[in-house]
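Student: Have a look at the structure that comes next, please.
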Amino acid sequence: MKSANRVKKIILRYRLSIGLTLAVLLAACIVLGFLNAKLMATYNSSRSFSITDRNSNILFVSKNPNSYYAEYAETVPENFKNLLINKEDKYFYWHFGFNPWSILRAAGNKLGLSQRTASSTITQQLAKILLQEENQRNIYNKIKESFYAFALEVFNSKEQILKMYANSVYFGNQFQGIESASRGYFNSSPQNLTAEQIIQLLATINSPTDFNPASNLNIEKAKLLSRSLGVNAKDFIKPTDCQINIQKYASNNQPVLELSPYIPKIINKNLQLTVDAELTQNVRSIVSSNIDVLKTKKAKNAAVVILSARDNQIISLVGSPDPSSFSDGYKINMAVEPRQIGSTMKPFIYLKGFENGMRPYTLIDDREYKYSGPDGYPIYPKNYDFKYHGLMTAHYALSNSINVAAVKTLEFVGIENFNNFLTKDLEFNPVQPIGEYQLGIALGDLEMDLLNLTHYFSIFPNKGKLNGLKIFTDGIENKNYFPYQNKNVTPENYVELVNKILSDRKTGIDQFGAESSLNLQSNNYALKTGTSHDYTDSWIVGYTPDFLVGVWVGNADNSPTDAVSGQVGAGMIWNEVMQLMLNSGYNQNTPFNFSDVKEYQGTNGVEFGLSGDNFEKSQNIIENQDTELILSPHDNDVFLFTPGAEISLEARDSADWTINGKTYGSGQKIFFAPKKGGSYKITASSKSQTETIAVRFNATN
């Protein structure tokens with residue numbers, strides 16, 4: 001019985017011992033796991049992230065929380081690893097993270113029993129770096145680092161530890177890790193480092209401030225190190241060359257003027273932009289060379305925007321000929337500065353006109369009209385050439401950018417309706433309250449920046465759909481800067497009519513000439529130019545079904561140019577950029593869709609509209625709303641009276657004219673010469689209507 005009890009006690013002790021051992025092991029695993037997780041969290045949060053273009057070319061690298069450049073290499077060159085181990089930790093593959101003899105030597109050194117300097121293992125050095133205790137060298141930290149090092153060894157492979165060390169070690173001049181140091185000092189990737197360059201980096205580790213490759217002390221130390229490692233090193237990189245590379249690296253790691261507003265302040269992942277860096281460089285060269293010419297016409301600034309037509313990715317964004325220059329407002333990104341957009345708004349006005357029953361064959365009388373401005377003063381819309389051209393089609397009017405016809409079209413659409421289209425459908429946020437522009441929208445008074453204008457133009461190559469702008473390829477970051485939601489803003493068939501007009505280069509010859517920068521060796525593009533008041537701004541937005549190119553030329557200080565029109569100024573740059581794009585992979589030669597367009601025989605030949613049109617109704621839809629009998633003068637016009645002065649009296653049809661109740665004459669157009677100043681009541685009577693207006697002649701003192 002006693003023997004049985006003794007056996008039971010032994011078994012119980014054995015079980016307790018096993019349980020206790022397992023509990024200790026479990027607790028040790030939990031502690032080690034916690035230590036490893038802490039170091040891994042620091043490692044993952046200490047890296048820099050790269051910003052690349054759409055073709056994965058690195059544009060710049062962000063700094064980590066310690067203000068270091070810490071690009072993490074995915075692989076470490078074998079030559080670097082072998083030399084590193086030979087220098088720092090020859091028994092790296094044989095220990096478990098710490099060398100007991102090193103710890104004993106450190107303790108002896110602390111107690112004055114040894115003069116030998118203790119050396120840490122690579123794993124301990126990694127733990128020290130991640131714990132940010134590089135400068136706190138004492139026995140307590142040495143022991144603590146050993147525990148952390150052991151945790152690293154338990155949960156990570158030797159190769160992983162080597163990679164983490166290579167990415168974490170500091171090489172001076174804000175370069176942390178082999179990737180950043182290689183690019184910063186030698187303008188090279190780690191894989192292309194020479195043996196000499198590796199030695200120069202390894203010579204830096206123990207004192208990165210004093211012995212980094214940009215220091216004059218580096219080469220001497222590297223020579224000593226190469227001999228101790230048995231490396232035949234000769235061609236070391238001069239410190240002056242390293243200093244030049246450091247400057248290049250720093251300048252290249254600043255976001256360019258146009259992109260800086262879109263880079264998050266806190267970057268916690270690699271980001272890829274939609275922009276094409278090489279294309280943008282070529283576009284900037286085009287802008288710069290043309291501005292050198294345009295400066296003779298007092299135009300010193302320019303901007304270019306290129307978008308993909310289907311999804312509105314920003315392919316290129318150039319807002320300055322040279323962002324590094326402090327002259328001529330080159331530090332201002334003119335691609336996002338609002339300016340009066342001139343006639344570039346006309347396609348949108350005609351688009352709404354087509355939605356409301358107009359067609360390209362609709363007739364519009366280009367003559368003098370009188371309107372009342374917001375301040376009560378009369379407005380007489382004038383054309384670019386200061387001439388009136390009589391009855392014309394909407395097709396001809398838009399092709400030749402006739403101002404008066406655009407005003408009549410906006411009047412037909414209704415200012416409030418068009419303003420709602422701008423602010424609600426397009427979600428445009430105007431500089432001034434939209435209601436203040438009135439008919440001035442058709443005369444180019446509206447302010448907008450080039451990026452937004454080009455964005456809105458994308459409805460034409462994209463079948464009436466307006467997609468939000470994109471500057472990041474992953475799409476996640478885009479809504480932080482461009483919250484616009486994709487939506488259809490107009491039916492496709494009306495867009496086809498606008499595209500048909502804007503792609504017709506023959507009809508616009510009267511205003512733009514047969515030979516022009518607007519003409520390309522392609523039959524698959526459309527465009528609209530614009531010129532603001534006093535030639536302050538020169539615009540053009542052109543597009544194919546594959547891409548859009550918007551260009552602005554002017555001055556950052558808003559001063560006028562020397563008669564630089566949209567065709568002459570922006571057109572020069574646009575022509576070269578379009579040729580660049582047409583010969584690039586962005587051009588897929590996608591044809592415009594004109595499946596809903598139908599030809600009609602009009603008064604002046606073949607015109608086009610939509611299937612099922614009531615041709616007669618649409619042709620006269622504006623003329624039928626113009627019910628004035630007296631075309632000239634206008635009611636309440638004021639003239640200067642001088643002896644012999646006369647004015648023309650013009651009616652829509654032949655009429656009998658009376659002035660102040662007295663018969664004066666008959667005809668569609670006659671002349672009136674007042675004998676003295678004062679007010680006159682003029683009445684015209686045709687077969688169908690009678691109309692009376694009042695005018696005044698003011699005599700000079």
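The values are calculated or read from the model by the stated rules, or taken from the named source; none is laboratory data. Note that the structure is a prediction, hence the values are computed from the model and not measured. Reconstructed Cβ throughout: ideal geometry from the backbone, glycine too, with neighbour counts over all protein chains shown.
Student: Looking at region 429-458, which of its residues are surrounded by fewer than 18 Cβ atoms within 10 Å (Cβ to Cβ) and part of a loop (DSSP other than H, G, I, E, B)?
Tutor: Across region 429-458, the qualifying residues are Asn429, Pro430, Val431, Gln432, Pro433.
To keep it simple, each residue is scored yes or no on (1) touching an Asp or Glu at 6+ places or on another chain (Cβ under 8 Å); (2) of a type outside the set (S, T, N, Q).
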residue	(1), (2)
Ala250	no, yes
Gln272	yes, no
Ile286	yes, yes
Ile314	no, yes
Glu337	yes, yes
Thr344	no, no
Phe348	no, yes
Pro360	yes, yes
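Student: Tell me yes or no: at least one residue of region 484-500 is among the acidic types (Asp, Glu), out of contact with any Pro (no Cβ under 6 Å at 6 or more places or on another chain) and in a loop (DSSP other than H, G, I, E, B).
Tutor: No, region 484-500 contains no residue that is among the acidic types (Asp, Glu), out of contact with any Pro (no Cβ under 6 Å at 6 or more places or on another chain) and in a loop (DSSP other than H, G, I, E, B).
Student: If we scan region 459-478, do we find a residue that is outside any helix (DSSP H, G or I), surrounded by fewer than 19 Cβ atoms within 10 Å (Cβ to Cβ) and of a type in the set (S, T, N, Q)?
Tutor: The answer is yes; a qualifying residue exists.
Student: Same structure again: Yes or no: region 130-145 includes at least one residue that is closer than 15 Å to Ser46 by Cα, outside any loop (DSSP other than H, G, I, E, B) and in contact with a Leu (Cβ under 6 Å, 6 or more places away or on another chain).
Tutor: yes
Student: Out of all the residues in region 298-347, which are in contact with a helix residue (DSSP H, G or I) (Cβ under 8 Å, 6 or more places away or on another chain) and surrounded by fewer than 17 Cβ atoms within 10 Å (Cβ to Cβ)?
Tutor: Residues satisfying the conditions are Asp322, Val336.
Student: Pro255: farther than 23 Å from Ala556 by Cα and either of a type outside the set (A, V, I, L, M, F, W, C) or at pLDDT 95 or above (or both), yes or no?
Tutor: On the way: farther than 23 Å from Ala556 by Cα: no; either of a type outside the set (A, V, I, L, M, F, W, C) or at pLDDT 95 or above (or both): yes.
Criteria not met by Pro255.
Student: Is it fair to say Thr658 is at pLDDT 90 or above, over 54 Å from the mean Cα position of the chain (by Cα) and buried (at least 16 other Cβ atoms within 10 Å of the Cβ)?
Tutor: In short, yes.
Student: Determine, yes or no, whether Thr536 is more than 27 Å from Asp425 (Cα to Cα) and in contact with a Gly (Cβ under 8 Å, 6 or more places away or on another chain).
Tutor: So Thr536 passes the test.
Student: How about region 177-196: which of its residues are in a helix (DSSP H, G or I), surrounded by fewer than 24 Cβ atoms within 10 Å (Cβ to Cβ) and either without any contact (Cβ under 8 Å) to a residue 40 or more places away in the chain or under 41 Å from the mean Cα position of the chain (by Cα) (or both)?
Tutor: First, pick out the residues of region 177-196 that are in a helix (DSSP H, G or I): 178-186, 190-192, 195-196.
Still in the running and surrounded by fewer than 24 Cβ atoms within 10 Å (Cβ to Cβ): 183, 186, 191-192, 195-196.
If the condition is that a residue be in a helix (DSSP H, G or I), surrounded by fewer than 24 Cβ atoms within 10 Å (Cβ to Cβ) and either without any contact (Cβ under 8 Å) to a residue 40 or more places away in the chain or under 41 Å from the mean Cα position of the chain (by Cα) (or both), then Arg183, Phe186, Gln191, Asn192 are the ones that fit.
Student: Right, next: Take region 641-651 and flag every residue that is assigned to a strand (DSSP E or B), over 13 Å from Thr683 (Cα atoms) and not β-branched (Val, Ile, Thr).
Tutor: Hits for region 641-651 are Phe641, Ser648.
Conditions tested, residue by residue: (1) more than 19 Å from Ile306 (Cα to Cα); (2) at pLDDT below 95.
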site: Gln521; (1), (2): yes, yes
site: Asn524; (1), (2): no, yes
site: Leu527; (1), (2): no, no
site: Tyr535; (1), (2): yes, yes
site: Trp539; (1), (2): no, no
site: Gly542; (1), (2): no, no
site: Val553; (1), (2): no, no
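Student: Applying the selection to region 587-602, what residues are touching a residue at least 24 places away in the same chain (Cβ under 8 Å) and over 22 Å from Ile459 (Cβ atoms)?
Tutor: The answer is Tyr600, Gly602.
Student: Out of (1) among the hydrophobic types (A, V, I, L, M, F, W, C); (2) in contact with a strand residue (DSSP E or B) (Cβ under 8 Å, 6 or more places away or on another chain); (3) in a loop (DSSP other than H, G, I, E, B); (4) closer than 16 Å to Lys500 by Cβ, the odd one out for Phe594 is which?
Tutor: Going through (1) among the hydrophobic types (A, V, I, L, M, F, W, C); (2) in contact with a strand residue (DSSP E or B) (Cβ under 8 Å, 6 or more places away or on another chain); (3) in a loop (DSSP other than H, G, I, E, B); (4) closer than 16 Å to Lys500 by Cβ one by one, Phe594 breaks only (2).
Student: While we're here: Within the set of pairs 6+ apart or on separate chains, which have a first residue in region 342-356 that is at positive phi, a second that is in a helix (DSSP H, G or I), and C-beta atoms under 9 Å apart?
Tutor: Gly342/His533; Gly342/Gly566
Student: Next up: So, in region 555-566, exactly how many residues are at pLDDT below 90 and outside any helix (DSSP H, G or I)?
Tutor: Of the residues in that region, 3 qualify.
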